[in-house]
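Trainee: I have a structure I would like to understand better, so I am pasting it below and will then ask my questions one at a time.
The values are calculated or read from the model by the stated rules, or taken from the named source; none is laboratory data. Predicted model, so just to flag it, every value in this text is computed and none were measured. Cβ placement follows ideal geometry from the backbone for every residue including glycine, while neighbour counts extend to all protein chains displayed.
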Amino acid sequence: MSLPRLDVGDEIKKGWALYRANFDLLFVSFLVCGLLSVVTLGILATPMIAGFLMIVRRVMRNDPNKPTVGDVFQGFEVFGQAFLLFLLLSIAIFILSLVPVVKIAVGLLFSPFFAWGMLFVVYERLSAVDALKKIFELTAAGDFTMPLFVGLVAGIIGGLGVIFLGIGIFFTAPLIYIITAVAYETLFGADEMHDAGDWNDGTME
């Protein structure tokens, strides 16, 4: 069965609306992720991002049990697979980057592959290997070109904060995962929802 069609502009619009409507929670949550990642030299980066994605999903789905900043630590539930995903992708990107012809293109692929892989690990509880396998299978079937492109655009938008003396990255980086999570919901979320509803200021009713 083919996946629903993604519109890049719509996913960015919905992701931004979600971020804007829940700015305090999402910004502070991601800031905690970033600080803990830096303090631990990146060791806690993957579980923190996993916890952030859990918060994003609960916000999207209007969880009556409102998420809090402290919920980022729930990402430790998938620490092993999230870290393995990062490790496998890093090794693959490093090896492929040794080929001059594809060096630049390969570097650009890390962000969308990592974001989507994390979504499959966190939301579907797939292993790191199965998450990557799913991405490759969907891509081979011709169903995942646009989702990867959305992930690439999200990565570019998330990185724009570097332009503003580097400080702006704290404000824009969350959009990498928010926009991609929104796209995941468009593609795979409907079957899991009792009533998908409509978007309203970045939340679903």
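Trainee: Against the condition under 21 Å from Ala131 (Cβ atoms), out of contact with any Phe, Trp or Tyr (no Cβ under 6 Å at 6 or more places or on another chain), of a type in the set (Phe, Trp, Tyr) and modelled with pLDDT of 95 or more, how does Phe79 come out, does it pass?
Mentor: yes
Here's the yes/no breakdown for (1) loosely packed, with under 15 Cβ neighbours inside 10 Å; (2) more than 15 Å from the chain's Cα centre (by Cα):
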| position | (1), (2) |
| --- | --- |
| Lys66 | yes, yes |
| Ser97 | no, yes |
| Arg125 | yes, no |
| Ala140 | yes, yes |
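Trainee: In this structure, does Leu89 turn out to be within 28 Å of Asp10 (Cβ to Cβ), free of Cβ contacts under 8 Å to residues at least 60 places away in the same chain, of a type in the set (A, V, I, L, M) and touching a helix residue (DSSP H, G or I) at 6+ places or on another chain (Cβ under 9 Å)?
Mentor: For Leu89, the condition - within 28 Å of Asp10 (Cβ to Cβ), free of Cβ contacts under 8 Å to residues at least 60 places away in the same chain, of a type in the set (A, V, I, L, M) and touching a helix residue (DSSP H, G or I) at 6+ places or on another chain (Cβ under 9 Å) - is met.
Trainee: Before we move on, is Leu6 closer than 30 Å to Ala141 by Cβ, out of contact with any Lys or Arg (no Cβ under 9 Å at 6 or more places or on another chain) and buried (at least 22 other Cβ atoms within 10 Å of the Cβ)?
Mentor: no
Trainee: Looking at the range 98-129 only, could you name the residues that are out of contact with any Gly (no Cβ under 7 Å at 6 or more places or on another chain) and within 13 Å of Leu53 (Cα to Cα)?
Mentor: If the condition is that a residue be out of contact with any Gly (no Cβ under 7 Å at 6 or more places or on another chain) and within 13 Å of Leu53 (Cα to Cα), then Phe114, Gly117, Met118, Leu119, Phe120, Val121, Val122, Tyr123, Glu124, Arg125 are the ones that fit.
Trainee: Give me the residue from the range 44-63 that is without any contact (Cβ under 8 Å) to a residue 40 or more places away in the chain and surrounded by fewer than 20 Cβ atoms within 10 Å (Cβ to Cβ) and, out of that set, nearest to Gly161 (Cα to Cα).
Mentor: Selected residue: Arg58.
Trainee: Go through the residues of the range 172-190 one by one and say whether even a single one is among the acidic types (Asp, Glu), modelled with pLDDT under 85 and within 23 Å of Tyr19 (Cβ to Cβ).
Mentor: The answer is no, given that none of the residues of the range 172-190 is among the acidic types (Asp, Glu), modelled with pLDDT under 85 and within 23 Å of Tyr19 (Cβ to Cβ).
Trainee: So which pairs qualify, if the first residue must be in the range 23-36 and over 9 Å from Ile55 (Cβ atoms), the second must be among the β-branched types (Val, Ile, Thr) and crowded, with 18+ Cβ neighbours inside 10 Å, the Cβ gap must be under 7 Å, and the two must be at least 6 apart or on different chains?
Mentor: Cβ pairs passing all conditions: Val28/Val69; Val32/Val69; Val32/Val72; Cys33/Ile49; Cys33/Val72.
Trainee: A further question follows. Kindly establish whether Thr40 is farther than 18 Å from Ala115 by Cα and touching a Ser or Thr at 6+ places or on another chain (Cβ under 9 Å).
Mentor: Judged against the criteria, Thr40 is not a match.
Trainee: Among (1) more than 14 Å from Ile43 (Cα to Cα); (2) part of a helix (DSSP H, G or I), where does Leu84 come up short?
Mentor: Result: Leu84 passes all but (1).
Trainee: Turning to a different aspect of this structure: Hey, Val106 hits all of (1) among the aliphatic types (A, V, I, L, M); (2) crowded, with 16+ Cβ neighbours inside 10 Å; (3) touching a helix residue (DSSP H, G or I) at 6+ places or on another chain (Cβ under 6 Å); (4) modelled with pLDDT of 95 or more but one; which does it fall short on?
Mentor: Here Val106 clears every test but (4).
Trainee: Please work out if Phe86 is more than 21 Å from Ile169 (Cα to Cα) and either surrounded by 12 or more Cβ atoms within 10 Å (Cβ to Cβ) or out of contact with any Cys (no Cβ under 6 Å at 6 or more places or on another chain) (or both).
Mentor: Taking the combined requirement at face value, the residue does not satisfy it.
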